[in-house]
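Everything below concerns the one structure shown next.
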Amino acid sequence: MRMTSGIVVVFGAAIYVAPALAHHSFAMFDHEKTSTISGTVKEFEWTNPHAWIHIVAADEKGAPTDWSFEMGSVGQVAAQGWKSDTIKPGDKITVTMHPLKDGSHGGQYMSATLADGRTFKNAGPPANNNNVPR
């Protein structure tokens, strides 16, 4: 009976550990670089596991280009002051980000400034974690 109970406890614990292991890495972003881009909001995804800002901004040649910025969870960005209706399509926005290492049009959101002057900042990783990105 003790052996059966022990097995049940181990498998039960594994159910809770698996989602933590499944969380993806932010290794695709170049944390050594920071870039800023201004554009027009195309979509704001207020969803878990990560919220997203999608904008249209001019590329080097002036052509409209889609950009996507990965944020934290809804709870994390809400703690920074974001709400589901903070931005909407057509709004002007400036986003500071860690760009994607592969050069794609996107990055990890670090901060945003809206047309009305409001600024939101990524709180960053918690202290004492050897600066490992979330």
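Please indicate, with yes or no, whether at least one residue in segment 52-60 is assigned to a loop (DSSP other than H, G, I, E, B), under 17 Å from S104 (Cα atoms) and modelled with pLDDT under 95.
yes
Working carefully through the options K33, K42, find the one that is modelled with pLDDT of 85 or more, loosely packed, with under 14 Cβ neighbours inside 10 Å, under 30 Å from K92 (Cα atoms) and out of contact with any helix residue (DSSP H, G or I) (no Cβ under 9 Å at 6 or more places or on another chain).
Exactly one of K33, K42 is modelled with pLDDT of 85 or more, loosely packed, with under 14 Cβ neighbours inside 10 Å, under 30 Å from K92 (Cα atoms) and out of contact with any helix residue (DSSP H, G or I) (no Cβ under 9 Å at 6 or more places or on another chain), namely K33.
Any idea how many residues of segment 53-82 are free of Cβ contacts under 8 Å to residues at least 60 places away in the same chain and touching a helix residue (DSSP H, G or I) at 6+ places or on another chain (Cβ under 9 Å)?
2
Sort out which residues of segment 83-99 are in contact with a Phe, Trp or Tyr (Cβ under 6 Å, 6 or more places away or on another chain) and crowded, with 18+ Cβ neighbours inside 10 Å, and write them in order of number.
Within segment 83-99, I87, V95, M97, H98 meet the criteria.
Considering only residues of segment 86-116 that are part of a loop (DSSP other than H, G, I, E, B) and within 19 Å of S35 (Cα to Cα), which is modelled with the lowest pLDDT?
Among them, the one singled out is G103.
One line per residue, one yes/no per condition, for (1) out of contact with any Pro (no Cβ under 8 Å at 6 or more places or on another chain); (2) on the phi > 0 side of the Ramachandran plot; (3) of a type outside the set (S, T, Y):
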{"site": "D85", "(1), (2), (3)": "yes, no, yes"}
{"site": "T94", "(1), (2), (3)": "yes, no, no"}
{"site": "G103", "(1), (2), (3)": "yes, yes, yes"}
{"site": "T113", "(1), (2), (3)": "yes, no, no"}
{"site": "A123", "(1), (2), (3)": "yes, no, yes"}
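The values are calculated or read from the model by the stated rules, or taken from the named source; none is laboratory data. Owing to the predicted nature of the structure, the values given are computational and were not obtained by experimental measurement. Neighbour counts are summed over all protein chains in view; Cβ atoms, including those assigned to glycine, are modelled from backbone coordinates with ideal geometry.
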